[in-house]
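Asker: Mind looking over this structure? Questions follow.
Readers should treat all values here as calculations from the given coordinates under stated rules, not as data from a laboratory. Since this is a predicted model, take the numbers as computed values, not measurements. All Cβ positions, glycine included, derive from the backbone under ideal geometry; neighbour counts span all protein chains shown.
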Amino acid sequence: MVDFEIIVGSVLGASEYVAEALEEKLIEHELTAQVHLAPDLIDIAPCATWIICTSTHGAGDLPDNIHKFVKQIEATDLTGTSFLVVGLGDSSYDTFCYGALKIEQKLRMSGAKLIAPALNIDVLNQPIPEHAAVQWLETWLRSRG
C-alpha cells in the first residue's frame, strides 16, 4: 500500500519536476509514493494522502492531462480522502494558481479533506519551484510528528 499519491497537472513539465522532488523527499522519510503523470482515479488509492501538483494553463484552467481526473472526482464521493495542493503559477497573471484553486474546490466538493493550506509557488520569485515545494513538504512532515 502506498502512503502518498502524487497527482500531476502539467503543460511544460515544471509540475512534473516538483512531483518528482516531493517523491524523493517522501522516500527519504521512509514513506512510499507514486507519481501519476496521466492521472486516472482507478489507479489512485483513496486511503493514501493525495498531493496535487498542478500548474495553471491559459485563462486559469487546469492542464489538459488532468481533465479526465477532474471529471472522475466530480462524480465520486471522496469522503475519507485527505489531500495537499501545490500550485505553480506566474503572479503577473490575474489567474495566478487558479488551476490549483479549481482542483482544490472540486476535491472539497467531492468530500475530500484539505489537511494543510495550499502552497502556491510564484515562478517569478521561485525560479526553481522544487526547492520551495520540498521545503514546504519537509515542514509539513515535521509538524505531523
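Asker: As I understand it, the dipole of the stretch 88-129 uses +1 on the Cβ of Lys and Arg and -1 on the Cβ of Asp and Glu, about the Cα centre. Which of G89, N120, Q105 lies farthest toward its positive end?
Answerer: After comparing all options, I get Q105.
Asker: Calculate the dipole size of the stretch 1-113 relative to its Cα centre from +1 charges on Lys and Arg beta carbons and -1 charges on Asp and Glu beta carbons; express the result in debye to the nearest 20.
Answerer: Here the stretch 1-113 has a charge dipole of around 420 debye.
Asker: So, one more: Using the alpha carbons of the stretch 23-66, what is the convex hull volume per residue in cubic angstrom, as a whole number?
Answerer: In the stretch 23-66, the Cα convex hull volume per residue is 87 Å³.
Asker: Next question. Please compute the net charge surrounding V8, taking Lys and Arg as +1 and Asp and Glu as -1 over other residues with Cβ under 11 Å from its Cβ.
Answerer: Value of the local net charge: -4.
Asker: Once the dipole of the stretch 1-120 is set up with Lys and Arg at +1 and Asp and Glu at -1 on Cβ about the Cα centre, which of Y17, T32, P46 lies farthest towards its positive end?
Answerer: P46
Asker: Taking the dipole about the Cα centre of the stretch 1-115, with the C-beta of Lys and Arg at +1 and of Asp and Glu at -1, give me whichever of V2, H57, I73 is farthest to the positive side.
Answerer: After comparing all options, I get I73.
Asker: Under 1.5 on a/c is rounded, so check that first for the stretch 73-145, then, if it is not, pick prolate when a/b is larger than b/c and oblate when it is not; a ≥ b ≥ c are the square roots of the alpha carbon gyration tensor eigenvalues.
Answerer: Because a/c hits 1.5 or more and a/b fails to exceed b/c, the stretch 73-145 counts as oblate.
Asker: Rank I73, I44, I27 by mean-square fluctuation in a GNM of the chain with C-alpha springs under 10 angstrom and give only the top-ranked residue.
Answerer: Highest fluctuation among the options: I27.
Asker: I want to make sure I understand the PRE zone here: with the label point 7 angstrom from the Cα of T95 toward its beta carbon, which residues in the stretch 51-75 have backbone N atoms less than 13 Å away?
Answerer: 55-64
Asker: Quick check for the stretch 18-106: number of Lys pairs with alpha-carbon distance under 19 Å, counting only pairs 8 or more apart or on different chains?
Answerer: Lysine pair count for the stretch 18-106: 4.
Asker: Antiparallel as a % of all DSSP beta bridges within the stretch 4-137, to the nearest 5?
Answerer: Within the stretch 4-137, antiparallel bridges account for around 5 percent of the total.
Asker: In whole Å, largest first, what are the principal axis extents of the Cα atoms in the chain?
Answerer: Per principal axis, max minus min of the Cα coordinates gives 39, 34, 23 Å.
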